[in-house]
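Undergrad: The structure's right below; bear with me while I get my questions together.
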């Protein structure tokens with residue numbers, strides 16, 4: 001019989017292709033396009049530091065203006081091997097020259113929009129053939145000038161892949177066999193189901209690129225308009241992709257991108273072979289982005305929300321106090337967090353006892369055990385419940401309030417209660433003197 005009573009008991013799944021996989025960050029590039037965000041060079045540099053701490057392999061960045069280039073040069077000054085700093089360009093010689101002008105960048109992304117909406121409406125090109133010619137000329141120019149390439153196949157989940165995109169990618173691979181083919185689900189239309197073909201099926205696309213076209217490097221870049229970005233990014237790995245492009249907190253255009261912190265957590269906790277990433281900085285990164293870029297993080301947001309290790313209800317809190325594995329799927333320290341046991345409307349005596357013991361031990365600097373039937377606990381619980389009953393309290397009881405209750409009932413009250421009255425005092429003294 002299998003027994004799952006601890007984190008180490010749970011098995012990890014295996015990627016069926018057993019390929020080594022990597023992560024490319026786009027927080028600095030795609031994330032900076034999020035409406036309302038102003039990403040200063042200092043912000044980019046700090047994000048770069050966090051990515052280095054985690055062990056992310058690559059990041060991509062714009063180099064179009066002096067602010068972009070200033071951030072890049074400051075990153076290079078750090079002298080880190082990871083993440084590699086890569087450029088990004090539209091498929092034009094002018095953009096590619098901007099990348100070439102930045103000493104140290106050896107790889108660039110190349111934007112190649114492939115849906116008819118982008119080719120005709122956005123770019124105003126006369127035909128698909130004109131688009132193909134433009135893209136092939138761009139990658140040839142980049143390769144001729146010594147750059148490694150990453151072709152950003154934009155809006156592939158709304159394109160005519162078999163008649164246009166796949167034949168073009170064959171020609172791209174002839175120019176640069178080791179290019180990274182980035183499958184871009186630009187509007188989140190993709191689905192992770194294996195039996196869905198074009199234009200939506202991510203598994204079908206990855207299979208075709210890998211098995212039919214022989215692409216060596218395949219990357220997913222998924223937007224979250226339909227909430228499937230993480231599922232599609234994982235499906236990419238599952239069907240043979242070796243890269244995924246992600247952003248922290250999913251920042252980016254419209255609904256954003258696949259969230260790096262979620263994918264990192266899933267890989268490290270649920271899949272074999274991902275001890276290479278250090279997830280401890282995740283809480284610090286989330287706090288930094290929330291404060292510096294003014295992005296509100298919901299308290300219940302997976303991985304980074306402030307409530308994901310906070311427990312209030314009696315049943316949940318009691319279970320976690322006895323064994324955190326009961327209601328916590330991974331340890332708080334994994335992502336740089338700490339567990340919180342909160343006292344609120346739904347908390348029972350067991351939770352209150354735990355909090356009171358914590359405070360009492362801290363105040364008295366000794367380890368104490370309070371009986372769960374201690375009448376003082378009942379008094380504190382009664383006072384707390386009256387706050388919710390009579391004062392329509394809307395929040396949990398703070399640690400400072402718990403401290404006040406402990407002082408009142410466990411420290412001060414016994415002193416007052418045991419002090420003798422004048423009559424008792426004189427009677428006791430008379431007896432001592434033999435009267």
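Undergrad: Is it the case that residue 194 is more than 30 Å from residue 102 (Cβ to Cβ) and outside any helix (DSSP H, G or I)?
TA: Here the answer is yes, as residue 194 does meet what is asked.
Undergrad: Mind listing just one residue for me: the one in segment 103-127 that is over 19 Å from residue 182 (Cβ atoms) and touching a helix residue (DSSP H, G or I) at 6+ places or on another chain (Cβ under 6 Å) and, of those, surrounded by the most Cβ atoms within 10 Å (Cβ to Cβ)?
TA: Checked segment 103-127; the qualifying residue surrounded by the most Cβ atoms within 10 Å (Cβ to Cβ) is 125.
Undergrad: Related question: Take residues that are outside the structural domain of residue 346 (by TED's automatic domain parsing) and tell me which of the helices (runs of 4 or more DSSP H) falling wholly in segment 239-330 contain 3 or more.
TA: Correct list: 260-270, 282-292.
Undergrad: Sort out which residues of segment 315-340 are over 21 Å from residue 280 (Cα atoms) and either touching a strand residue (DSSP E or B) at 6+ places or on another chain (Cβ under 8 Å) or touching a residue at least 40 places away in the same chain (Cβ under 8 Å) (or both), and write them in order of number.
TA: Answer for segment 315-340, where residues must be over 21 Å from residue 280 (Cα atoms) and either touching a strand residue (DSSP E or B) at 6+ places or on another chain (Cβ under 8 Å) or touching a residue at least 40 places away in the same chain (Cβ under 8 Å) (or both): 317, 320, 321, 323.
Undergrad: Filter segment 1-38 down to the residues that are out of contact with any helix residue (DSSP H, G or I) (no Cβ under 9 Å at 6 or more places or on another chain) and exposed (fewer than 13 other Cβ atoms within 10 Å of the Cβ) and list them by number.
TA: Scanning segment 1-38 gives 1, 8, 11, 14, 18, 20, 35, 36.
Undergrad: OK, next. Has segment 87-100 got at least one residue that is in contact with a helix residue (DSSP H, G or I) (Cβ under 7 Å, 6 or more places away or on another chain) and part of a loop (DSSP other than H, G, I, E, B)?
TA: yes
Matching residues to (1) closer than 20 Å to residue 160 by Cα; (2) in a helix (DSSP H, G or I); (3) outside the structural domain of residue 85 (by TED's automatic domain parsing); (4) modelled with pLDDT of 95 or more:
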site: 102; (1), (2), (3), (4): no, no, no, yes
site: 112; (1), (2), (3), (4): yes, no, no, yes
site: 121; (1), (2), (3), (4): yes, yes, no, yes
site: 125; (1), (2), (3), (4): yes, no, no, yes
site: 131; (1), (2), (3), (4): yes, yes, no, yes
site: 134; (1), (2), (3), (4): yes, yes, no, yes
site: 138; (1), (2), (3), (4): no, yes, no, yes
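The values are calculated or read from the model by the stated rules, or taken from the named source; none is laboratory data. Because the structure is a prediction, the values reported are computed rather than measured. Cβ coordinates were reconstructed from backbone atoms using ideal geometry, including for glycine residues, and neighbour counts include every protein chain displayed.
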